[in-house]
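See below for the structure under consideration.
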Amino acid sequence: MSSEVERRFRVDLLEWGKENRREYPWRESNRTLYEVFVAKFFLTQTPADNVAAVYPRFLERFPTLDAIAKASEDELVEAIVPLGFQNMRAGALKQIASKHDHLPTEPESLMELPRVGRYVANATLCFARGDQLPVLDRNVERVYSRVFRDTWPEAESDQLAFTKRLVPSEARSYNLALLDLGALVC
DNA sequence: AAACCGGGGCT
DNA sequence: AGCCCAGGTTT
C-alpha cells in the first residue's frame, strides 16, 4: 500500500531521471556484476571523473577477480594510485579476490567483504542486476528527508525500511535518478 | 549510537 | 595548515 504522495514522487523522479541522467562508463548496459562492483568500490570518497579516468584501463588489466588474485599487490596499487586510498583498496581487493572467484549476489553476503558496506552492496546489485534494493548515500538521504520531511525516520534501519517500499520495479532507473538528483541538489 | 579512520578537496 | 566530508570500521 503506497500513498499518493509516494506514487507521485516515484513517477516524477523517474521522469526527471530520463532527462537528467549522467553518462558514465559503469552505467553502460551489459556491465557485469564485477564491473559495476569495481566502479562502486572506487566511487566511495572519490569524484566520478577521477574514477572514469582509470576505470577502462583497470578493467582491461583486471577483467575478472581472478586477474586480481593472480596480480601482485604492487601492480594493483599502481593501477589505482590516482584514486587515492590505494593501499587500503588494493589490500581489500586482494582479500576479496583471494577468497572468491565470483561475487555473491545477496547484499548481506557482499557486505561481509572488506570495505563493502550497505551502500556499495545495494548499489552494486541494483545497478548490475536490477535488484529492487534501496540505495542510500548522504545525498540521497538529503533528498528523501526533504521530500518526506514529516515522515522520514532518523535511524538508518528505519530509513532502509522506509525506502525499500518506495523502490519500484524499474529499480535501476529509480536509483540512478536519485543519485543524480542528490548530486545535483546537494 | 558514536567515535574513529584515511586521505581528497576546499579555503 | 586546518577543516570538512562520506562511507566503512570499530567500540
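Laboratory data are not the source of any read-out in this text; all were calculated from the coordinates shown. From a predicted model like this one, the values you see are computed outputs, not experimental measurements. We place every Cβ from the backbone using ideal geometry, glycine too, and count neighbours over all the protein chains shown.
I want to check a number: in the stretch A:4-185, how many lysine pairs have alpha carbons closer than 26 Å, given a sequence separation of 8 or more or different chains? Summing the qualifying lysine pairs gives 8. Gain on full extension, evaluated as 0.36 nm per residue between A:Arg27 and A:Met88 minus their Cα-Cα distance, stands at 19.5 nm. Between A:Lys99 and A:Arg7, the modelled labels are 4.5 nm apart [label points 7 Å from Cα along Cα→Cβ].
Projected label points at A:Glu170 and A:Leu14, each 7 Å from Cα along the beta carbon direction, are separated by 0.4 nanometres.
What angle, in degrees between 0 and 90 and rounded to the nearest 10, separates the Cα long axis of helix A:4-20 from the longest principal axis of the Cα atoms of chain A? Helix A:4-20 sits at roughly 50 degrees to that axis. Place a label point 7 angstrom from the Cα of A:Lys70 along the Cα-to-Cβ direction, then list the residues of the stretch A:1-45 whose backbone nitrogen is under 13 Å away. Once the point is set 7 Å along Cα→Cβ of A:Lys70, nothing inside the stretch A:1-45 turns out to lie under 13 Å by backbone N.
With Cα atoms defining each centre, the stretch A:119-186 and the stretch A:36-111 are spaced 24 Å apart in the structure. Relative contact order, percent, of chain A when contacts are C-alpha pairs under 8 Å separated by at least 6 residues? Here the relative contact order equals 28 percent.
Full extension of the chain between A:Glu106 and A:Gln132 gives 8.2 nm of extra length, using 0.36 nm per residue less the Cα-Cα distance.
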